[in-house]
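This report concerns only the one structure given below.
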Amino acid sequence: MASNSTQTIVIPDLGGAEGVEVIEIAVAVGDTIAVDDELIVLESDKASMEIPSSHAGTITAIHVTVGDQVNEGDALVELELTEAAETGKEESEEQAEPSSPKQQETAPEQSAASMETVETVEVKVPDIGSESAEVIEVLIQAGDKIVAEDSLIALESDKASMEVPAPVSGTVLEVQVKVGDTLSEGDVIAVVEAHLSAQPETQTVSETQKPPLSSEPQPKQATNKPVAAQSTTVMPATDLKEVYAGPAVRKLARELGVDLTQVRATGPRGRLQKDDLHNYIREALSKAREGGGAIPAVPAVDFAKFGEVELVPMSKIDKVTAANMQRSWLNVPHVTQFDEADLSVVDQLRNDWKAQAEQREIKLTPLAFLLKVCALALLEHPKLNSSLHHDQEHFVRKKYVHIGMAVDTPKGLMVPVIRDVDKKDLWQLAQEVIELAEKARQGKLKPADMQGGCFSISSLGAIGGQGFTPVVNTPEVAILGVSKATIKPLWNGEAFMPGKMLPLSLSYDHRVINGADAGRFLTFIVDALADIASFEKDG
Ligand code: CAO
């Protein structure tokens, strides 16, 4: 249970560093965090470190923003402590430091004498804030000339990575560690012939007389793996574990589905920053727009060279339709199946119900019958009433039957959805067709009116044509194209008789539906239209 007790978490000892920049904030107001969860990432020009929380609770305020320069003791976040955290800790509601490992003042001591002295120094692992850490990179070799603060090795514990800098300037005599070694505080990293002059080379040199024989440098903490290269642009890593990025960037990459190994880092020492991620996505999108990747771009043509032209702006609907059609066409392996249905019975019924239609003031077109039989077909063939789950490992079977109907409007193609088609009678369906088509043509459809479709019908029957291949309205998996019914001679076994034949085309997503499924589905529709009188007695 959450309690109302609050705690201000402040910036801990930063090893004497001042004005350290906040480069990432890994939490947001409302987040519930545990002890040791990362709060922010700080980065000076030399090192970066994650600041973990000393308490568990819910974040109610964040006092810093990216780019702030912070010092020890600055307020970081406000936490509303969870009950467990309160009882588990003795701390009052005073300010508390995060439980970050402290960076120690471990500067080498150096002679203030005027003559340069040469001493052999064992450089040891300093206090690294955890029991042990693995060597992930060795940046020196015997014979190297180093100056104080040069990085010697990079260590990584389960929480953080850090570079261990040289405490003195000199020549490396011997390196005693290799990548993969597990080191603890006090282990010898290297033996260095230290050159100690009267003029201190760095500000970390103290005033004492002699350098210690063993020297503990100060670790430079970094989130994840630091990269030795000093260049500002680093080639993408090949392994995600090799990517040098903080938790906030990793989280963002996960949310956006970006493979961080593909992203070029521009931060200090090859650190991946949020901007790198944004640039990567921007580039990918612009490549896609230009038809990058596998799709060759269509060359721009100056049509005016060949005659007079006029530029007509695309409506919003035109643009949305273009994007949807391209997405569907590129993603869905389309197959189209054709058949013809005998519309004689439908026509007969429409004729029989003429008086009723006039009385109800509803125009009963073949479309209402098609909606009805498609709903029956979807109930009978649930594979067609499904979508591919975005995990690509499941089909989503829908227990409802909502059917979209393509409507031609002055502003472009719109597809309003008729809900629960299976539960409505022909008159209700005909009424809804009229109402939705009217709403569409007047531009009065709301987004909700066009959502939730399971299947679509595109009827060009009143316009003409003998057949077409409609594009699946993905994530639906099939669409029925309806062309113009015409009178054709039908052989009844003895003679040719006139029949009104309706051309139908069923386009389907071959990832979800195979030819046999589609064949059975379309045959069901053809049969049901011929037999509609048996289950639609009076509409
Ligand atoms: N064959 C022959 N005649 C047909 C027919 C068909 N398949 N379908 C409809 N008709 C007839 C109707 O019976 C009506 O004739 P009567 O007035 O004599 O009864 C006439 O054509 C006009 O019908 P309608 O268009 O008013 O009504 P509808 O229910 O058939 O269609 C709607 C409604 C909204 C679907 C339609 O108006 C429309 O917009 N169609 C275009 C859809 C489209 O653009 N599809 C393409 C999408 S993919 O690019």
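The values are calculated or read from the model by the stated rules, or taken from the named source; none is laboratory data. The structure presented is a predicted model; accordingly, all values stated were derived computationally and were not measured. In this analysis, Cβ positions are derived from the backbone assuming ideal geometry, glycine residues included, and neighbour counts consider all displayed protein chains. For accessibility, only protein heavy atoms count, side chains too; no ligands or nucleic acids. Shrake-Rupley method; radii C 1.70, N 1.55, O 1.52, S 1.80 Å.
Ignoring ligands, DNA and RNA, how do 419, 282 rank by accessible area with a 1.4 Å probe, largest first? Each step should come with its number before you reach the end.
Numbers: 419 80, 282 145 Å².
Per-residue accessible area, sorted high to low, gives 282, 419.
Ligands, DNA and RNA are left out, and with a 1.4 angstrom probe the accessible area of region 320-535 is 51 Å² per residue. Heavy-atom accessible surface of residue 330, to the nearest 10 Å², is about 100 Å², with a 1.4 Å probe and all protein chains retained.
Rounded to the nearest 5, what % of DSSP beta bridges with both residues in region 320-535 are antiparallel?
Numbers: 28 of 35 bridges.
Roughly 80 percent of the DSSP beta bridges within region 320-535 come out antiparallel.
Counting only protein heavy atoms and using a 1.4 Å probe, what share of the accessible area of region 248-337 belongs to carbon plus sulfur, as a whole percent? Before the final figure, lay out the partial values.
Numbers: 3780 of 6600 Å².
Heavy-atom surface of region 248-337 belonging to carbon and sulfur, 1.4 Å probe: 57 percent.
Computed from the C-beta positions of residue 516 and residue 347, the FRET efficiency with R₀ = 30 Å rounds to 0.45.
Taking 7 Å steps out from each Cα toward its Cβ at residue 254 and residue 284 produces label points 1.7 nm apart.
Quick check: from the Cα gyration tensor, does region 320-535 come out rounded (a/c under 1.5), prolate or oblate?
Oblate is the answer for region 320-535, as a/c is 1.5 or above yet b/c matches or exceeds a/b.
Here residue 394 sits with roughly 100 square angstrom of accessible surface, probe radius 1.4 Å.
Largest first, what is the accessible-area ranking of 383, 178 with a 1.4 Å probe? List each step's numbers first, then the result.
Values: 383 65, 178 125 Å².
So, going from the largest accessible area down, we get 178, 383.
With a 1.4 Å probe and all protein chains in place, put 352, 31 in order of accessible area, largest first. Kindly include the intermediate steps, with their values, before the conclusion.
Working: 352 90, 31 50 Å².
Most to least solvent-accessible, the answer reads 352, 31.
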